[in-house]
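These notes concern the structure reproduced below.
The values are calculated or read from the model by the stated rules, or taken from the named source; none is laboratory data. Since this is a predicted model, take the numbers as computed values, not measurements. Neighbour counts run over all protein chains shown; Cβ positions are idealised from the backbone, glycine included.
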Amino acid sequence: MSVESNYQVAKELYAQYGIDTDAVLEKLSEIPVSVHCWQIDDLTGFEDFNAKLSGGLAATGNAGGKPKSVPEYFENLTKALKLIPGKKKVAAHAIYLDNGGVNNIDRNAIEPKHFTHWVEYAKEMGIGLDFNPTYFNHAKAEDGFTLSSYDEGIRQFWVEHGKRCRKIGEYFGKEMGQVCYTNHWIPDGYKDITVDKMGPREVLIRSLDEIFAEKIDPAYNVDSVESKLFGLGSEAYVTGSHEFYTNYVANRKNCIICLDAGHYHPTEVISAKLSSYLVFGQEIMLHVSRPMRWDSDHVTILDDETMAIMEEIARYDAFDKVHIGLDFFDASIDRIAATAIGGRTAKKAILKALLQPTAELQKAEHEGNLTKRLALLEEVKGLPFGLVWAKYCEMCGCEQDSWIRRYE
């Protein structure tokens, strides 16, 4: 049977539950997923192709195919993006700059002109852009502190980096005609018992206030701050914790929160947190990852938590408030395939969430009919979601599964 005939069967089956698959596909086509640039090369960047990760970061594995030049990097990224159907953005990091052959451009001196190659690439690919300052892999981050450092020279260096990254985000937003989300994550913390936990946080507040002091039109750039429970070398204390950033965002209102699926206790999930931000009208940036053991950043798959995240967004129709980005790196498998698998999975999870009879489920719950709620949730799991996915891939001119044969 053809993709179309299979889709018509699925369409009729979903219609029995009041689900309009045509409307769902139209909705899905408007929801972007921000694909992180760093899976392609293990977060090495363009400053130094032999750079080693620091700040509690690690890309494990030694699979072949890691790009050895900027042209090869973009060739591989293009291959991955073409395997992900629908609307997309790419989240670039500050270390992926074009230094024009000048090797001494430091992080506190980067400008929009060093990232014109990303704008040109994004326009050619018909995608949007997000951005990330790189507060790690640098001599001024080796003691484990950046924006919360007591060393004023180091602190000011990173404050300037943050300010310049916001201007690059603004540049991306203006050039692409859509909001760039500039996400700030720092590795700051202590490896062992910490006596003064408040002091570094007071410094971090001052640094963030300075970085965000200049008003930038939110039509071009919106900043987010990303928390973490711990990292290698900061097992005892992390300055930018979840509680810290939640309070900073609520009190300052100059940025939004970023929730990373791998940055919490093993049994703590971000799907349970979303409604507590949305009920107050807050925007949220997501980093969708798969923490097999803590923040291990495995490639996103269609697991329970990924589905729960997308279901929460879909049930409140909050795709305008929650911005979906990916964040994982696995060097044990082909990096192009890893990027594609994670991106396709995110799209599949959104589609599957949209294919639920949300209004009927909520009605049953509000009426106290919990039997119907559970029965209906379980019955729709058996509907042929894969046939709708195949139709979506065809609509987008994207391969459904034939691409897998290239890895046989």
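Quick check, is ILE301 under 17 Å from ALA261 (Cβ atoms) and assigned to a loop (DSSP other than H, G, I, E, B)? Taking the combined requirement at face value, the residue satisfies it.
Okay, residues lined up against (1) assigned to a loop (DSSP other than H, G, I, E, B); (2) of a type in the set (D, E, K, R); (3) within 24 Å of LEU326 (Cβ to Cβ):
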{"residue": "TYR96", "(1), (2), (3)": "yes, no, yes"}
{"residue": "GLU120", "(1), (2), (3)": "no, yes, yes"}
{"residue": "PHE131", "(1), (2), (3)": "no, no, yes"}
{"residue": "LEU147", "(1), (2), (3)": "yes, no, no"}
{"residue": "ILE154", "(1), (2), (3)": "no, no, no"}
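Within region 92-105, residues that are over 21 Å from THR78 (Cα atoms) and in the same structural domain as LYS167 (by TED's automatic domain parsing) have Cβ atoms under 7 Å from residues that are β-branched (Val, Ile, Thr) and surrounded by 15 or more Cβ atoms within 10 Å (Cβ to Cβ) in these pairs: ASN99/ILE105, counting only partners at least 6 apart in sequence or on another chain.
With respect to (1) part of a loop (DSSP other than H, G, I, E, B); (2) free of Cβ contacts under 8 Å to residues at least 12 places away in the same chain, the lone exception for ASP330 is condition (2).
Looking at ILE216, ILE270, which is the one that is more than 19 Å from GLY169 (Cβ to Cβ) and modelled with pLDDT of 95 or more? Among ILE216, ILE270, only ILE270 is more than 19 Å from GLY169 (Cβ to Cβ) and modelled with pLDDT of 95 or more.
When the criteria are applied in full, SER296 fails the requirement of being of a type in the set (Ser, Thr, Tyr), under 25 Å from GLN39 (Cα atoms), in a loop (DSSP other than H, G, I, E, B) and in contact with a helix residue (DSSP H, G or I) (Cβ under 8 Å, 6 or more places away or on another chain).
Inside region 186-206, can you point out the residues that are surrounded by fewer than 22 Cβ atoms within 10 Å (Cβ to Cβ) and within 18 Å of PRO133 (Cα to Cα)? Answer for region 186-206, where residues must be surrounded by fewer than 22 Cβ atoms within 10 Å (Cβ to Cβ) and within 18 Å of PRO133 (Cα to Cα): ILE205, ARG206.
A count restricted to region 251-270 and to residues that are without any contact (Cβ under 8 Å) to a residue 24 or more places away in the chain and not hydroxyl-bearing (Ser, Thr, Tyr) stands at 3. The combined condition, being modelled with pLDDT under 95 and out of contact with any His (no Cβ under 9 Å at 6 or more places or on another chain), is not fulfilled by ARG373.
Looking at the structure I just gave you, is GLY343 closer than 30 Å to LYS228 by Cβ, not aliphatic (A, V, I, L, M) and not in a helix (DSSP H, G or I)? Here the answer is no, as GLY343 does not meet what is asked.
For first residues located in region 188-209 and in the same structural domain as PHE244 (by TED's automatic domain parsing), partners that are of a type in the set (Asp, Glu) and surrounded by 19 or more Cβ atoms within 10 Å (Cβ to Cβ) and lie 6+ apart or on another chain with Cβ distances below 7 Å form the pairs PRO200/ASP188.
Only one of the listed residues (ASN132, ASN137) is under 22 Å from the mean Cα position of the chain (by Cα) and on the phi > 0 side of the Ramachandran plot. That residue is ASN137. State whether one or more residues within region 293-300 are within 27 Å of ILE404 (Cβ to Cβ), in contact with a Gly (Cβ under 8 Å, 6 or more places away or on another chain) and among the β-branched types (Val, Ile, Thr). Within region 293-300, one or more residues are within 27 Å of ILE404 (Cβ to Cβ), in contact with a Gly (Cβ under 8 Å, 6 or more places away or on another chain) and among the β-branched types (Val, Ile, Thr). Count of region 180-208 residues, restricted to those that are within 13 Å of SER148 (Cβ to Cβ) and out of contact with any Phe, Trp or Tyr (no Cβ under 8 Å at 6 or more places or on another chain), is 4.
Filtered by the rule that a residue be aliphatic (A, V, I, L, M) and in contact with a Ser or Thr (Cβ under 9 Å, 6 or more places away or on another chain), region 388-404 gives VAL388, MET395.
Say whether the condition of being charged (D, E, K, R) and in contact (Cβ under 8 Å) with a residue 12 or more places away in the chain is met by at least one residue in region 389-398. Scanning region 389-398, I find at least one residue that is charged (D, E, K, R) and in contact (Cβ under 8 Å) with a residue 12 or more places away in the chain, so the answer is yes.
Taking the stated definitions as given, is ALA318 modelled with pLDDT of 95 or more, closer than 26 Å to GLY128 by Cα and not in a loop (DSSP other than H, G, I, E, B)? In short, no.
Taken over region 346-372, the criterion of being within 19 Å of GLU312 (Cα to Cα) and assigned to a loop (DSSP other than H, G, I, E, B) is satisfied by LEU355, GLN356, PRO357. Considering region 26-60, the residues that are surrounded by fewer than 20 Cβ atoms within 10 Å (Cβ to Cβ) and more than 30 Å from THR134 (Cβ to Cβ) include one that is farthest from the chain's Cα centre (by Cα), namely GLU26.
Yes or no, residue by residue, for (1) surrounded by fewer than 20 Cβ atoms within 10 Å (Cβ to Cβ); (2) farther than 18 Å from VAL322 by Cα:
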position: SER227; (1), (2): no, no
position: GLU235; (1), (2): yes, yes
position: THR246; (1), (2): yes, no
position: VAL249; (1), (2): no, no
position: ILE256; (1), (2): no, no
position: LEU259; (1), (2): no, no
position: HIS265; (1), (2): yes, yes
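The numbered conditions (1) surrounded by fewer than 19 Cβ atoms within 10 Å (Cβ to Cβ); (2) over 20 Å from GLU268 (Cβ atoms); (3) touching a Lys or Arg at 6+ places or on another chain (Cβ under 9 Å) are all true for ALA318 except (3).
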